[in-house]
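All of the numbers you see were taken from the coordinates with simple rules; none came from a lab. Only a predicted model underlies this, so the values are computations on that prediction, with no experimental measurement involved. Cβ atoms come from the backbone with ideal geometry, glycine included; neighbour counts cover every protein chain shown.
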Amino acid sequence: MKSWQLNRRVNKLSQEITDPVKTETKIDFNSLSEPERQLLDRVQEIVDKYAPASPPQDIIEKNADLWNKGLEIFARRAMELFVDVMPASLCCDELEAWYFKMYFYNFLFDWLESVQKLREMPEERREALFRERKDMGLLDRLFRLPRGRPETNKKTEQNEET
Amino acid sequence: MKHTRLTKRIEDLSEKLKPAPSEGIRIDFSSFTQPEQLVLLKNFELDEKHRHGWTREAILENREIIVKCNMIVIQRVNELFLFTIPRALMLDEVNQFFFNVNFWGFWERWMECRKNVGKWSKKDRDDFLRDIKVKPETNTKNKDEVRANGEENNN
């Protein structure tokens, strides 16, 4: 093999390694319960009727109950999968699994609290916050949230210092 | 419709609206890539072979395939969660930003906690496990804030 051919082959392989074929992760439809499948089938019928476009807003509003229940099923099942599978896949023992669940549900509560605060914000302030985050490029980046330390720790440290 | 029939109908409908249990939720096997499917199939095969109980030797001998399989599952379940929840809850960009911040914060905090828990003695672990199984009203030990992140345990 010539040098340029070898280089091309190496580059192609490197590309394949760094950029593997991405496939979408889907929930196994058969693992849903019968009533859930029936509901999702009805939603799918509506989606198919207007495909490839999305169903019009008035149709979604007309079937809002069906739509919301479908979304609830997906959210609940994805959460169930996450909470059940993660501790086992991370080889957690009983205690670690207990902490996992505690931290997970705390994350949900923390996030719901921030949603509540965002909803209470006046529209202009919310817009300003969004623009600021966007201008700073923070929408695509993450950072560590400051965390309060337990009072008991602080007290112990103060006692040790004195 | 008579009152009793109406009540019966409401009860029936309420029953139907309850979250129906299934045998457990699974990821669609076809959503894994071919190399991932091969790893998973190999793992199923090993699981079948050792269905009466994994020995330490068997785990060590097959550790690479077990770790790889777990990595695939962790990555996929995480991906599914991050894809599904913001869409199901119809989050806008700001809400999604806070969702991501809180979610990755949860992972970081839990990993830190796991590291701390790993330092506990077996006795401390057993005592703590016994405590968390006690009904909340009779359990006063779990009110200890320090243990919330597994940082200390001075049993």
Rank these for me by crowding, A:S31, B:S30, going from fewest to most other beta carbons within 10 Å.
B:S30, A:S31
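Neighbouring Cβ atoms within 10 Å as the yardstick, rank A:L6, A:L39 fewest first.
A:L6, A:L39
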Across peptide A:94-101, what mean number of C-beta atoms from other chains lies inside 10 Å of a residue's C-beta?
5
What is the fewest-to-most order of B:M111, A:M102, A:M136 by other Cβ atoms lying within 10 Å of their Cβ?
A:M136, B:M111, A:M102
Peptide-level mean, for A:32-44, of C-beta atoms on other protein chains within 10 Å:
2
Taking the inverse of the average 1/r across all pairs of different Cα atoms in segment B:27-90, what Kirkwood radius in Å do you get?
13.3
Given a Förster distance of 30 Å, report the FRET efficiency between A:R126 and B:W104 from their Cβ-Cβ distance, rounded to the nearest 0.05.
0.85
Would you mind giving the mean number of other chain beta-carbons within 10 Å of the Cβ of each residue in B:108-121, as a whole number?
4
Assign unit charges at the C-beta atoms only (+1 for Lys and Arg, -1 for Asp and Glu), then state the dipole size of segment A:95-140 relative to its Cα centre in Debye, rounded to the nearest 20.
60
What is the gain in length, in nm to one decimal, between A:D58 and A:R119 on full extension, counting 0.36 nm per residue of separation less the C-alpha to C-alpha distance?
19.5 nm
Expressed in nanometres to one decimal, the distance between label points 7 Å along Cα→Cβ at B:Q37 and B:K8 is 5.1
Run the simple label-point estimate for B:V67 and A:D93 please: 7 Å along Cα→C-beta, distance reported in nm.
2.0
Here FRET efficiency (C-beta to C-beta, A:N11 to B:D92, R₀ 51 Å, nearest 0.05) is 0.80
